[in-house]
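Below is one structure, written out as structure tokens; comments come after it.
The values are calculated or read from the model by the stated rules, or taken from the named source; none is laboratory data. For clarity, every value in this text was computed on a predicted model and none was experimentally measured. Because the Cβ atoms are built from the backbone with ideal geometry, glycine has one as well, and the counts that use them run over all protein chains shown.
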Amino acid sequence: MPAVIPDDSVGLVSPERIHFEQPLELSCGRRLDTWDLIIETYGTLNADASNAVLICHALSGHHHVAGYHSMDERKPGWWDAAIGPGKPIDTNRFFVVGVNNLGGCHGSTGPNTLNPATGKPYGPDFPIMTVQDWVHSQARLADHLGIRQWAAVVGGSLGGMQALQWSISYPERLRHCAVIASAAKLSAQNIAFNEVARQAISKDPEFHDGHYYERNTVPRTGLMLARMVGHITYLSDDGMRDKFGRELKDGKLSFDFNPQFEVESYLQYQGERFSSSFDANTYLLMTKALDYFDPAGEQGHDLAAALAPAQCDFLVVSFTTDWRFSPERSRELVDGLIAAGKPVSYAEIDAPQGHDAFLIPIPRYMEVFRSYMNRIAAALPQPEGGASHAR
Amino acid sequence: MRADLEIINEWIAPGSRVLDLGCGDGELLAHLQAEKQVSGYGLEIDHDNLTACIEKGVSVIEKDIDDGLASIGNASFDTVIMTQALQSMHRPDLIVDEMLRIGRECIVTFPNFAHWRARGYLAFRGKMPVSKFLPYTWYNTPNIHFCTFKDFEQLCVDRNIEILQRTVVDHTHRHRWWIKLWPNMLGEIAIYRITR
């Protein structure tokens, strides 16, 4: 909880709900007749709507990207490190849009919202969403906001997949695409981790085939296990050694099966906290979207061919100890972009934090990010009264 | 612009696809993009140079050339450039092979170790040459594979590499009429355009 709002924060922010009446056709063949997106925006859209940046979220993310909902909020939005006045995505220059994806559990239409056809929560009947579906829904959002073309679409992890899909699905609607700690497809190992998470949730007796809302219960154990496995894969071996080592909570072995190593209680704490704030059906759905994403798959596994429609410039960033979305996956993407002749810059950031590094303001990462965003800002029409932010 | 880049600039066809190995702060690529509409990429490992390229709008990839270029397809570039880095590669011969695989043509520049000043330094002082232009001592130099123009041209003969063009200049990258009299003695830097 901030005693005072820091100068480089977007400050107190509030979400906004947008209702769409036009049906959205989905990859699975079904459609959503009416749907809501919950969003947050920071900064000011300029006169020709050319300074808008879309932030796509990862598995457990949402629309609350930066700033605080109230002075009582424990932590700011999930990417506050990168977004705000003077930060890499400088809200003095850019109009930033954060959105909770369809199927999410933070206010947009999803498994835990009411199905207008039945008057009950969608639950497991909510359609499986794909990265493409999300991008189509985000394009409708852009229409609603009067944004014909994004200055940039930016995302990390699953968010990076959405940014990449934007460049393929709507090439004329973005000038820059930043794909951070992401991949053009998941590896078998990565899908395997997701399956463990899904099994943990669906085998929880409280899951009730996804109909747990009606029974006023939550598959808490399953969600906790899913998050614990996930969390291990988001950290690196080195990072865990540095953070926990073999430290014991009480300084001595207790010769029972209660958590006694620091790392055990940390994982339990993280898992428990997550299980009380996240929806199990959404977790299943998000991991499926990750698994399904493979734009090259539809092009005979030729990534360059899949990327051929893109017209924007790309920034790709990876982190050395990230083994969930390893630098190798980012290099594959970069190779595909070069083979397709697309402008791309790539930085491999030395960081011990594993996949989580993409959320952390590591100095060199922020410098690369800032340089790229500066370049985008430099091409924007300068506001009347001079360019006070020009470097 | 640096004088050697000026010369290379003249050798690049408008609109071509260019890869610059060790592109520094992106000066050459930025110029080629603006003046010749080339589609270019640079490889670089120095962090400050990478940031400078990104800020300039030059496509730059963080990659150590010594790790190999296997991920880049055959003949995917019109010209592959390497300025003043050949002598710092672990295997310059393999890098030249790789450059010729991924590019139709290559431009290579390197310092001439048979320049009279280097010869004199070694002959009279009996020590590895150190100069303002190459200021390192033997134990900390990144330049682990020095060669002479003759050595490089021998490599080209051995590996069936055709030399399309050669310019020999002094350390300020200026042409001097007298260098032509005895390039391997009088020239300090060579700029080669090669193909296979």
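Worth a mention:
- Residue within segment B:86-101 that is within 22 Å of B:Phe152 (Cα to Cα), more than 8 Å from every other protein chain (Cβ to nearest Cβ), touching a helix residue (DSSP H, G or I) at 6+ places or on another chain (Cβ under 6 Å) and hydroxyl-bearing (Ser, Thr, Tyr) present: no
- Selection within segment B:31-84 - free of Cβ contacts under 8 Å to residues at least 12 places away in the same chain and surrounded by 15 or more Cβ atoms within 10 Å (Cβ to Cβ): B:His47, B:Thr51, B:Ile54, B:Glu55, B:Ser71
- Test: residue in segment B:89-102 that is assigned to a strand (DSSP E or B) and touching a Phe, Trp or Tyr at 6+ places or on another chain (Cβ under 9 Å): no
- Single condition A:Glu262 does not satisfy, out of (1) out of contact with any Phe, Trp or Tyr (no Cβ under 7 Å at 6 or more places or on another chain); (2) at pLDDT below 95: (1)
- Residue under evaluation A:Gly119, criteria (1) on the phi > 0 side of the Ramachandran plot; (2) at pLDDT 95 or above; (3) surrounded by fewer than 24 Cβ atoms within 10 Å (Cβ to Cβ); (4) small (Gly, Ala, Ser), criterion not met: (2)
- Condition met for B:Cys147 (out of contact with any helix residue (DSSP H, G or I) (no Cβ under 6 Å at 6 or more places or on another chain) and either touching a residue at least 60 places away in the same chain (Cβ under 8 Å) or of a type in the set (Phe, Trp, Tyr) (or both)): yes
- Hits in segment A:209-242 - residues which are in a helix (DSSP H, G or I) and either basic (Lys, Arg) or under 13 Å from A:Asn281 (Cβ atoms) (or both): A:Asp209, A:Gly210, A:Arg220, A:Gly222, A:Leu223, A:Ala226, A:Arg227, A:Arg241
- Enumeration of residues in segment A:182-204 that are aliphatic (A, V, I, L, M) and free of Cβ contacts under 8 Å to residues at least 60 places away in the same chain: A:Ala188, A:Ala192, A:Val196, A:Ala200
- Residues being surrounded by fewer than 19 Cβ atoms within 10 Å (Cβ to Cβ) and either touching a residue at least 60 places away in the same chain (Cβ under 8 Å) or not in a loop (DSSP other than H, G, I, E, B) (or both) - total across segment A:336-351: 1
- Matching residues, segment A:317-335, being surrounded by 24 or more Cβ atoms within 10 Å (Cβ to Cβ) and assigned to a loop (DSSP other than H, G, I, E, B): A:Asp322, A:Phe325
- The condition of being more than 14 Å from chain B (Cβ to nearest Cβ), surrounded by fewer than 18 Cβ atoms within 10 Å (Cβ to Cβ) and touching a Ser or Thr at 6+ places or on another chain (Cβ under 9 Å) holds for A:Pro381.
- Residue in segment A:130-149 that is of a type in the set (Lys, Arg) and at pLDDT 95 or above present: yes
- Test: residue in segment B:103-114 that is of a type in the set (S, T, N, Q), within 14 Å of chain A (Cβ to nearest Cβ) and under 18 Å from the mean Cα position of the chain (by Cα): no
- Single residue of A:Gly77, A:Gly104, A:Gly98, A:Gly61 found to be within 13 Å of the chain's Cα centre (by Cα), closer than 24 Å to A:Phe325 by Cα, of a type outside the set (A, V, I, L, M) and part of a strand (DSSP E or B): A:Gly98
- Residue in segment A:277-292 that is surrounded by fewer than 17 Cβ atoms within 10 Å (Cβ to Cβ) and more than 17 Å from the chain's Cα centre (by Cα) present: no
- Some residue of segment A:159-168 being surrounded by fewer than 21 Cβ atoms within 10 Å (Cβ to Cβ) and part of a helix (DSSP H, G or I): yes
- Verdict on B:His175 being over 14 Å from B:Ala114 (Cα atoms) and either among the β-branched types (Val, Ile, Thr) or modelled with pLDDT under 90 (or both): yes
- Residue match in segment A:63-80 (condition: among the β-branched types (Val, Ile, Thr) and within 28 Å of A:Thr118 (Cα to Cα)): no
- All of B:Gly26, B:Gly57 fail the test of being within 12 Å of another protein chain (Cβ to nearest Cβ) and within 17 Å of A:Leu337 (Cβ to Cβ), apart from B:Gly57.
- Count - residues of segment B:125-166 that are closer than 15 Å to B:Gln84 by Cβ and either among the aliphatic types (A, V, I, L, M) or surrounded by 11 or more Cβ atoms within 10 Å (Cβ to Cβ) (or both): 12
- Those residues of segment A:124-139 which are in a loop (DSSP other than H, G, I, E, B) and surrounded by fewer than 23 Cβ atoms within 10 Å (Cβ to Cβ), in sequence order: A:Pro127, A:Ile128, A:Thr130
- The single condition from (1) surrounded by fewer than 18 Cβ atoms within 10 Å (Cβ to Cβ); (2) touching a Gly at 6+ places or on another chain (Cβ under 9 Å); (3) of a type in the set (S, T, N, Q) that A:Thr233 fails is (1).
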